[in-house]
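Heads up, the thing below is written out as structure tokens.
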Amino acid sequence: MNYAKRVCRVLLIPLFWLLVWWVAAWMIAKPLLFPTPWAVLKRLTELMATKEFYLITANSIWNVVFGILIAVIGGGILSLITSRISLLREAILPIMTVIKATPVASFIILALIWMGSANVPTFITVLIVLPVVWTNLDEGFSHMDPQLIEVAKVYKMPAWRTFRILTLPTLKPYFVSACRTSMGLAWKAGIAAEIIAMPRNTIGTMIGDAKQYIMTEDMFAWTLTVILLSLVIEFLFAWIFRKLDSARKVRKEA
């Protein structure tokens with residue numbers, strides 16, 4: 001019964017908002033400004049029937065995912081170093097604060113001046129995700145139990161084992177929180193960078209072209225693609241962490 005209720009909720013909520021969308025389109029009655037859900041879904045289906053759609057989508061996903069990987073690895077290494085060198089941490093903290101406070105559009109325009117348009121989305125993704133990862137992991141390191149670390153030193157526990165047994169369990173919730181926070185930010189920032197920089201064969205460029213030529217249905221269809229891809233990426237991320245948790249529990253029980 002509970003499962004049936006959850007399924008009904010999952011289905012009814014999107015249907016409710018589709019109805020709101022349809023009513024708004026009917027009241028405005030100007031398809032050029034605000035198309036109906038049916039017109040957008042029809043256009044999205046037409047786009048999905050072409051090879052270019054998948055090439056464009058893959059390029060945008062790669063730009064964002066590659067930037068996230070660089071930022072996560074870089075943020076992890078940087079947080080490990082700054083946890084051991086307090087002076088470096090104090091030097092980096094203001095930079096991270098400035099990056100988080102500065103509008104994304106400013107960085108996009110500067111990046112467009114400094115480098116080619118093709119590299120801007122990945123660079124912006126790194127710039128958005130890196131401070132989030134570093135800040136969260138830095139907080140995680142600050143919550144490490146110093147007594148446990150001392151015990152590991154007394155018993156001369158190998159560095160890798162100390163990291164696996166003590167450090168990873170402490171950092172895991174902070175790392176997961178950083179990834180969850182940065183996923184949506186990275187995807188939106190990456191697409192915004194594509195809209196401004198206009199690299200070839202990307203979703204942002206398609207949205208920019210649709211705006212320029214007043215192809216509202218195309219703009220809505222590509223925007224809907226962005227939303228659906230964001231949901232899929234977040235779902236995959238949550239699924240991966242659930243699988244890792246399950247595997248860890250199985251190893252413990254064994």
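The values are calculated or read from the model by the stated rules, or taken from the named source; none is laboratory data. What you see is a predicted model, and the numbers here were worked out from it, not measured in a lab. FYI the Cβ positions are ideal-geometry reconstructions off the backbone, even for glycines, and counts take in every protein chain you see.
Below is a table of values for the structure above.
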| item | result |
| --- | --- |
| Qualifying residue in region 185-193 (condition: at pLDDT 80 or above and surrounded by fewer than 18 Cβ atoms within 10 Å (Cβ to Cβ)) | yes |
| Selection count, region 28-56, where residues are modelled with pLDDT under 90 and surrounded by fewer than 11 Cβ atoms within 10 Å (Cβ to Cβ) | 4 |
| Region 126-139 - residue that is of a type outside the set (A, V, I, L, M, F, W, C) and either outside any helix (DSSP H, G or I) or in contact with a Phe, Trp or Tyr (Cβ under 8 Å, 6 or more places away or on another chain) (or both) and, of those, modelled with the lowest pLDDT | Glu139 |
| Cross-chain or 6+ apart pairs with Cβ under 7 Å, region 163-176 first and more than 18 Å from Val133 (Cα to Cα), then surrounded by fewer than 19 Cβ atoms within 10 Å (Cβ to Cβ) | Leu166/Leu148; Leu166/Ile149; Leu166/Ala152 |
| Residue in region 90-110 that is basic (Lys, Arg), in contact with a helix residue (DSSP H, G or I) (Cβ under 8 Å, 6 or more places away or on another chain) and at pLDDT below 90 present | yes |
| Looking only at region 224-254, and only at residues there that are modelled with pLDDT under 65 and hydrophobic (A, V, I, L, M, F, W, C), the one that is nearest to Ile61 (Cα to Cα) | Ala247 |
| Any hit, region 161-174, residues being more than 17 Å from Val72 (Cα to Cα) and of a type in the set (Lys, Arg) | yes |
| Region 103-122: number of residues that are assigned to a helix (DSSP H, G or I), aliphatic (A, V, I, L, M) and farther than 15 Å from Ile191 by Cα | 2 |
| So Thr102, is it closer than 17 Å to Ile128 by Cβ, within 23 Å of the chain's Cα centre (by Cα) and among the hydroxyl-bearing types (Ser, Thr, Tyr) | yes |
| Cross-chain or 6+ apart pairs with Cβ under 6 Å, region 1-21 first and under 17 Å from Val40 (Cα atoms), then modelled with pLDDT of 80 or more | Leu18/Pro37; Trp21/Pro37 |
| Residue list for region 206-221, filter: touching a residue at least 24 places away in the same chain (Cβ under 8 Å) and either crowded, with 18+ Cβ neighbours inside 10 Å or in contact with a Pro (Cβ under 9 Å, 6 or more places away or on another chain) (or both) | Met206, Thr216, Glu217, Asp218, Phe220, Ala221 |
| Filtered residues of region 74-127 (kept if surrounded by 17 or more Cβ atoms within 10 Å (Cβ to Cβ) and within 28 Å of Arg164 (Cα to Cα)) | Gly75, Leu78, Ser79, Thr82, Ser83, Arg89, Ile92, Met96, Val126 |
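Table: residues versus (1) in a helix (DSSP H, G or I); (2) farther than 23 Å from Phe123 by Cβ; (3) hydroxyl-bearing (Ser, Thr, Tyr).
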site: Pro31; (1), (2), (3): no, yes, no
site: Phe34; (1), (2), (3): no, yes, no
site: Phe53; (1), (2), (3): yes, yes, no
site: Ile70; (1), (2), (3): yes, no, no
site: Leu78; (1), (2), (3): yes, no, no
site: Arg89; (1), (2), (3): yes, yes, no
site: Ile99; (1), (2), (3): yes, no, no
